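Written below as structure tokens is the structure these notes are about.
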Amino acid sequence: MRVGIVGGGIAGVTALRSLQRRGVQATLFEARSSVMEGVDRGLGIWPTAWKQLIADNGSGLQEQVSQWPSVPPASYRTRDGAWLSAPSKDTARDYEVKVTTRHTLLHALLQDTDQSAIHCNVQVARISNTDGPTKVLDAATGAELGCFDAVLMSGMAPDTAPVPVHSLSFIVPMQLRASAPFETLSGGRRFAGVPLNSSRCFIFATCSTSDTLHTIDDVARLYSTWHDPIPELIACARDAHVQPLYERARVSKLKRSADGVVAYIGDAAHCMQHNLAQGASLAIEDALYVAHVLSNVPSSPTAVARALEDYSTHRQARFHACRRVTAFTHLLAAMGGRWEERRNKLFLALPHALNSRCFDAFLKASFGHMFA
């Protein structure tokens with residue numbers, strides 16, 4: 001079995017490592033000069049992903065993942081600082097999120113990986129297969145993948161639409177005094193703060209495309225009147241490296257995650273708005289599952305296509321659950337004016353136990369144990 005992987009992000013590198021450990025010949029193509037290229041950013045990884053990562057990759061990764069801090073799921077707040085909704089203590093414990101950075105995760109994955117299989121500065125132009133039509137990608141000089149039994153696309157999918165929001169991410173040299181992560185929702189804008197360790201945290205600021213959000217000055221203009229510690233976080237971020245999350249990203253419009261011997265993983269399958277740490281978690285799960293289905297498949301187009309169809313069926317249910325939760329959160333965040341006041345009054349009037357049960361159901365719908 002020979003597998004070609006297009007795109008050296010989290011999904012692509014996870015797939016490469018997992019396939020190699022299963023004895024599958026895999027080659028990764030990355031358009032940038034290095035898979036580590038780019039501004040670092042914070043990540044939250046849910047237990048459905050980090051536990052599978054440890055189980056698949058053995059004790060080496062277990063030691064590293066165990067050193068990453070754990071935090072409860074982010075709770076929702078109003079722009080004046082009131083806590084709208086939070087998980088129950090049991091759910092906060094059972095759905096513990098590991099926090100790390102993109103560079104730290106990639107560095108861990110690249111250890112014990114045969115990096116000679118990674119070819120950088122290569123932009124794939126087309127995928128050729130003798131048993132089906134040629135799939136033409138972004139017009140560019142590069143590699144053709146006709147010599148591979150299966151191709152995993154973790155970069156751009158062929159059928160996409162623009163991401164409907166602006167979002168900036170940055171790491172701030174400041175400790176969050178409140179240990180719990182938070183996400184504040186107001187008038188179509190969202191601001192999230194998550195502790196990374198005792199001296200750093202990471203931030204996401206998100207708004208609709210009708211707003212301008214490109215620099216720290218834009219962040220200050222839109223969010224500096226929100227509750228503490230948001231103004232202080234913005235002030236500390238003046239020298240931070242800002243990462244536009246969706247500068248080059250597109251939302252996949254694919255209704256299936258596989259097409260013959262080609263499978264779509266990571267952002268190519270389900271690039272979503274930033275919500276509940278879904279992106280990195282889903283990318284890891286995709287990569288591990290597709291490596292699993294390909295590891296014992298004969299090198300024939302029919303067998304490979306059948307295995308990838310199994311991957312597509314299994315993962316589409318997962319994607320749709322996450323999309324529904326993302327759409328609901330987007331609706332909550334979109335409320336402004338009187339609708340926002342009514343939303344706040346409703347949530348704050350709910351008994352604490354009922355409020356927490358609602359939040360718990362919300363989390364489990366997206367990251368429930370049924371997908372573990």
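For the stretch 164-205, the tally of residues that are within 26 Å of G38 (Cα to Cα), touching a residue at least 40 places away in the same chain (Cβ under 8 Å) and not in a strand (DSSP E or B) stands at 7. Checked against the criterion of being buried (at least 17 other Cβ atoms within 10 Å of the Cβ) and among the β-branched types (V, I, T), the stretch 294-308 has at least one qualifying residue.
On inspection, R22 qualifies as surrounded by fewer than 20 Cβ atoms within 10 Å (Cβ to Cβ) and over 27 Å from I203 (Cα atoms). The set of residues in the stretch 337-359 that are surrounded by fewer than 18 Cβ atoms within 10 Å (Cβ to Cβ) and either of a type in the set (G, A, S) or in contact with a helix residue (DSSP H, G or I) (Cβ under 8 Å, 6 or more places away or on another chain) (or both) comprises G337, A349, L350, A353. So which residues in the stretch 174-195 are touching a Leu at 6+ places or on another chain (Cβ under 9 Å) and farther than 23 Å from R342 by Cβ, if there are any at all? Of everything in the stretch 174-195, those that are touching a Leu at 6+ places or on another chain (Cβ under 9 Å) and farther than 23 Å from R342 by Cβ turn out to be M174, L176, G193, V194, P195. Is there a residue being β-branched (V, I, T) and assigned to a loop (DSSP other than H, G, I, E, B) anywhere in the stretch 302-324? For the stretch 302-324, residues β-branched (V, I, T) and assigned to a loop (DSSP other than H, G, I, E, B): absent. Here is the figure for the stretch 1-19: residues that are surrounded by fewer than 23 Cβ atoms within 10 Å (Cβ to Cβ) and either touching a His at 6+ places or on another chain (Cβ under 6 Å) or among the hydrophobic types (A, V, I, L, M, F, W, C) (or both) total 1. Checking each residue of the stretch 315-330 against the condition of being out of contact with any helix residue (DSSP H, G or I) (no Cβ under 7 Å at 6 or more places or on another chain), among the β-branched types (V, I, T) and farther than 17 Å from R77 by Cα gives no match.
Determine if the stretch 49-65 includes at least one residue that is surrounded by fewer than 20 Cβ atoms within 10 Å (Cβ to Cβ), assigned to a strand (DSSP E or B) and modelled with pLDDT of 85 or more. The answer is no, given that none of the residues of the stretch 49-65 is surrounded by fewer than 20 Cβ atoms within 10 Å (Cβ to Cβ), assigned to a strand (DSSP E or B) and modelled with pLDDT of 85 or more. Scanning the stretch 186-221 for residues that are within 24 Å of R93 (Cα to Cα) and surrounded by 14 or more Cβ atoms within 10 Å (Cβ to Cβ) yields F191, A192, G193, V194, P195, L196, R200, C201, F202, I203, F204.
The values are calculated or read from the model by the stated rules, or taken from the named source; none is laboratory data. Keep in mind that this is a model prediction, so the values were computed, not measured. Please note: Cβ atoms are built from the backbone with ideal geometry, for glycine as well, and neighbour counts cover all protein chains shown.
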